[in-house]
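What follows is a set of notes on a single structure, which appears directly below.
Derivation of every value follows stated rules applied to the coordinates shown; laboratory data play no part. What you are looking at is a predicted structure, and each value in this text was computed from that prediction instead of being measured. For neighbour counting, all protein chains shown are included, and Cβ atoms are generated from backbone atoms with ideal geometry for every residue, glycine included.
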Amino acid sequence: MLSERMNEALNYQANRELYSSYLYLSMSYYFESIGFRGFASWMRVQAGEELVHTMKLLDYVAASGEKAKMLAVEAPQHSWESPQQAFAHVWEHERAVTRMIHDLVAVAESESDAMTRKFLQWYVDEQVEEEESSDGVLKRVQAAGSDPKALRAADEELGKRGFKFPRGFQMFPL
Ligand code: FEO
């Protein structure tokens with residue numbers, strides 16, 4: 001059982017994670033439209049991960065016997081000035097998500113909800129990886145600058161990113 005405040009906060013965070021998925025999907029189509037299929041593919045993987053983040057939260061809410069609510073998802077930006085600007089946006093967005101996760105942890109602690117606090121540790125750890133990975137990718141793309149050959153090489157490299165479901169998470173069948 002969750003307190004009303006905890007329930008609301010978890011549903012809200014699920015919405016922000018779904019927005020993240022939508023944002024990265026938007027970036028994926030942006031990159032496809034300007035001919036960077038590797039960057040587009042990297043963003044698709046990122047969008048997939050965010051959908052997993054969304055569902056893990058909603059699964060937890062539902063497993064706690066509460067209502068998993070689908071809130072309206074905000075429309076993301078759909079174009080950027082350059083690959084560097086898009087990847088800088090990813091890095092800034094991930095830092096903002098980290099702050100949201102820390103706020104969520106603070107809610108769990110103030111509600112003395114040890115189960116949710118424990119559940120949220122996965123997100124705390126995940127954000128360390130998300131910040132590290134977005135920082136690395138941003139630096140990689142910044143290093144390529146506007147040199148077409150270097151950008152192509154970065155595109156090819158990032159296109160190799162694979163997708164793995166987190167251990168213990170099954171998206172389907174239910
Ligand atoms: Fe689910 Fe990238 O934050």
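Quick notes
- The residue pairs whose first member lies in region 33-59 and is under 13 Å from Leu120 (Cα atoms), whose second member is of a type in the set (A, V, I, L, M, F, W, C) and more than 9 Å from the ligand (Cβ to nearest atom), and whose beta carbons are closer than 7 Å, counting only pairs six or more residues apart or on different chains, are Thr54/Ala14; Thr54/Leu18; Lys56/Phe169; Leu57/Leu10; Leu57/Ala14; Leu58/Ala14; Leu58/Ala68.
- Qualifying residue in region 69-76 (condition: within 19 Å of the chain's Cα centre (by Cα), within 16 Å of the ligand (Cβ to nearest atom), surrounded by 11 or more Cβ atoms within 10 Å (Cβ to Cβ) and part of a helix (DSSP H, G or I)): no
- Among the residues of this structure, Arg161 does not count as one that is under 23 Å from Ile34 (Cβ atoms), more than 18 Å from the chain's Cα centre (by Cα), of a type in the set (Lys, Arg) and surrounded by fewer than 17 Cβ atoms within 10 Å (Cβ to Cβ).
- Which listed residue, of Trp80, Trp122, Trp91, is more than 19 Å from Arg5 (Cβ to Cβ), touching a His at 6+ places or on another chain (Cβ under 9 Å) and not small (Gly, Ala, Ser): Trp80
- Test: Trp42 is closer than 23 Å to Gly145 by Cβ, aromatic (Phe, Trp, Tyr) and touching a Leu at 6+ places or on another chain (Cβ under 7 Å): yes
- Every condition in (1) out of contact with any Phe, Trp or Tyr (no Cβ under 6 Å at 6 or more places or on another chain); (2) closer than 27 Å to Pro173 by Cα; (3) in a helix (DSSP H, G or I) holds for Leu104 except the one numbered (2).
- Boolean, Asp103 is more than 30 Å from Gly65 (Cβ to Cβ), of a type in the set (Asp, Glu) and either over 20 Å from the mean Cα position of the chain (by Cα) or surrounded by fewer than 15 Cβ atoms within 10 Å (Cβ to Cβ) (or both): no
- Residue within region 108-128 that is crowded, with 18+ Cβ neighbours inside 10 Å, more than 16 Å from the ligand (Cβ to nearest atom) and not in a helix (DSSP H, G or I) present: yes
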